[in-house]
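Below is one structure, written out as structure tokens; comments come after it.
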Amino acid sequence: MSLTAERLDRIQPSLTIAISTVARRMIAEGKNVISLSQGEPDFDTPRNVKDAAIRALENGETKYTDVSGTPALRRAVAQKFARDSGIEYKPEEIIISTGAKQVLFNAMLATLNAGDEVIIPSPCWVSYPDIVTLADGKPVLVPCGQNNGFKLRAEDLEAAITPNTRWFMLNNPCNPTGAGYSADDLRPICDVLLRHPHVWVLTDDIYDSLAYAGFKPSTIVAVEPKLQDRTLTVHGVSKAYAMTGWRIGFAGGPVALIKAMDKLQSQSTSNPNSIAQAAAIEALTGQQETVETMRRVFEQRRDLVVGLLNQAPGMNCTNPDGAFYVYPSIHGCIGKTSAGGKLIKDDEAFALALLDEAGVATVHGAAFCYPGYVRISYANATEELQEACSRIRRFCEGLH
Ligand code: PLP
């Protein structure tokens with residue numbers, strides 16, 4: 001008899017975490033590896049946030065809290081959604097969880113029955129399809145081509161909806177492509193959703209403060225308030241405030257859904273970490289200048305990386321609107337052989353050969369359900385990015 005449940009065989013370990021782990025191990029072994037595979041800012045958590053955590057610790061805020069989070073943090077999240085997204089939520093329409101990942105997990109596990117379909121535009125974040133699968137749902141991937149800036153077309157959404165569709169999941173701006181949706185981009189998508197009242201909407205806006213060159217991402221409920229009673233707006237402090245390790249994510253949505261997620265969370269992790277919750281209040285309500293400082297640095301890096309990667313033969317990199325990833329096509333490299341003699345038969349072979357021969361860790365596109373590309377995170381120091389891009393270019397020049 002197998003040790004593991006059949007449920008576990010349906011999913012794969014997170015490939016982004018797997019590659020980052022290999023890269024970290026190679027670095028620990030003394031190898032000269034630059035890891036562009038991680039999904040976290042290289043900045044430190046802002047000082048005011050750390051101080052708030054220290055104060056919470058000293059004040060004895062070390063006990064269980066309400067499952068859905070402290071009333072003070074839920075109020076802070078409601079204010080944040082009103083201030084940054086233009087959506088009004090009452091504190092009882094908010095839940096705090098151990099990272100946005102747990103929010104997604106709770107939402108799917110609390111609502112999906114076997115065979116329910118979840119529409120996911122691809123390329124998509126690695127965890128979406130696996131979370132849906134774990135919850136007995138069926139991911140329905142809708143490809144979004146590079147020729148449309150990796151954005152979902154309303155007609156493709158319409159065509160993917162069936163009577164079994166339970167959710168539509170949108171990530172804006174998107175990991176791995178950086179594609180972002182403005183209010184104008186979302187309008188036709190909202191019009192499709194209005195025509196299909198049985199479809200619920202999950203919008204993952206975790207990267208929305210990282211938007212570049214005047215691009216302004218919007219969000220479903222802000223564009224179409226009529227969708228508020230079936231939309232879950234997901235966010236968190238991990239990316240905008242460089243707080244990945246603190247594990248605080250949150251969402252606003254209809255009370256009945258929030259209550260269902262609370263019920264589930266009460267029997268799994270209970271409340272998220274009390275000290276991290278206190279720190280998150282400061283992140284959301286304290287000074288916001290560090291967010292802008294980080295955003296500006298990311299924008300400079302984006303420009304640098306896109307420019308350099310487009311000089312690498314065989315690569316073609318679209319300029320992303322937000323987040324801290326680029327998703328260059330490597331179609332021009334496939335079928336060639338590397339200087340070290342490896343056949344680049346697909347994006348995985350490309351990423352492995354690049355790591356082995358050039359010491360640069362990226363994540364292959366198949367991990368994001370969209371092969372033929374690699375994801376490069378530019379959440380690294382500028383000098384490191386310059387060196388990594390030179391190595392990538394030399395690697396590509398060496399293909400024959
Ligand atoms: N959503 C997207 C699109 C992400 O890229 C990530 C992390 O990489 C998450 C959610 C999870 O974030 P958290 O650290 O809050 O669990």
* Structure fact -> In whole percents, the bins of 10 Å from zero upward hold the Cα-Cα pairs of segment 48-132 as 14, 33, 35, 15, 4
* **segment 130-135 - phi-based ³J(HN,Hα) in whole Hz, Karplus 6.51/-1.76/1.60, Gly and Pro as x** => 6, 5, 4, 4, 4, 8
* Asked: What FRET efficiency comes out for the pair Val142/Asn164, r = Cβ-Cβ distance, R0 = 22 Å, nearest 0.05?
  -> 0.90
* Could you work out how far helix 71-80 tilts from the main Cα principal axis of the chain, as a 0 to 90 degree angle to the nearest 10? => 60
* Of the accessible area of segment 47-285, with the probe set at 1.4 angstrom, what percent is carbon plus sulfur? -> 52
* **Distance from segment 160-179 to segment 238-263 (C-alpha centre basis), Å** => 18
* What residue among Ile54, Ile220, Ile206 shows peak mean-square fluctuation when the chain is described by a Gaussian network model with Cα springs under 10 Å? -> Ile54
* Can you give the relative contact order of the chain as a percent, counting alpha carbon pairs under 8 Å and 6+ residues apart? -> 22
* To do: Would you please state which residues of segment 13-39 a label at Ala339 would reach in this model, taking the label point 7 Å out along Cα→Cβ and a backbone N cut-off of under 18 Å?
  => 32-34
* Debye sum, Cα scatterers, the chain, no solvent: what log₁₀ I/I(0) at q = 0.08, 0.10 1/Å? -> -0.42, -0.66
* Considering Cα pairs under 8 angstrom that are at least six residues apart, work out the relative contact order of segment 47-285 and quote it in whole percent. => 30
* To do: Read phi for every residue in segment 324-336 and hand back ³J(HN,Hα) as whole Hz from Karplus 6.51 cos²θ - 1.76 cosθ + 1.60, θ = phi - 60°, with x for Gly and Pro.
  => 10, 10, 10, 9, x, 6, 10, 4, x, 9, 5, x, 8
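So what is Rg over Rh here for segment 47-285, counting just Cα atoms and using Kirkwood for Rh?
Reported Rg/Rh (Cα atoms, Kirkwood Rh): 0.96.
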* **Formal net charge of residues neighbouring Ser85 (Cβ-Cβ distance under 9 Å; K, R +1; D, E -1)** => -1
* To do: Note the angle between two axes, namely the Cα long axis of helix 15-28 and the longest principal axis of the Cα atoms of the chain, as a number of degrees from 0 to 90, rounded to the nearest 10.
  => 60
* **the chain, accessible area per residue, ligands and nucleic acids excluded (1.4 Å, Å²)** => 41
* **Highest average packing first - 390-400, 112-122, Cβ atoms within 10 Å** => 112-122, 390-400
* Alpha carbon centre of segment 290-344 versus segment 8-55: separation in Å? -> 19
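Let me check against my output: what whole-number percent is the relative contact order of segment 51-103, with C-alpha pairs under 8 Å and at least 6 apart?
Rounded, it is 31 percent for segment 51-103.
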* Could you rank the peptides 338-346, 303-311 by their average count of other C-beta atoms within 10 Å per residue, with the highest value first? => 303-311, 338-346
* Structure fact -> Once amide hydrogens are built 1.01 Å from N within the peptide plane, the residues lying 5 or more places from Leu232 or on another chain with amide H under 5 Å from its amide H are Val201, Leu202, Thr203
* Compare Arg247, Arg302, Arg83 in a GNM of the chain, Cα atoms joined below 10 Å, and give the one with the largest fluctuation. => Arg83
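The values are calculated or read from the model by the stated rules, or taken from the named source; none is laboratory data. A quick note: this is a predicted structure, and the numbers were derived from the prediction, not measured. Cβ: placed from backbone, ideal geometry, glycine included. Neighbour counts: every protein chain shown. The accessibility values were calculated without ligands, DNA or RNA, using every heavy atom of the protein model including side chains. Shrake-Rupley method; radii C 1.70, N 1.55, O 1.52, S 1.80 Å.
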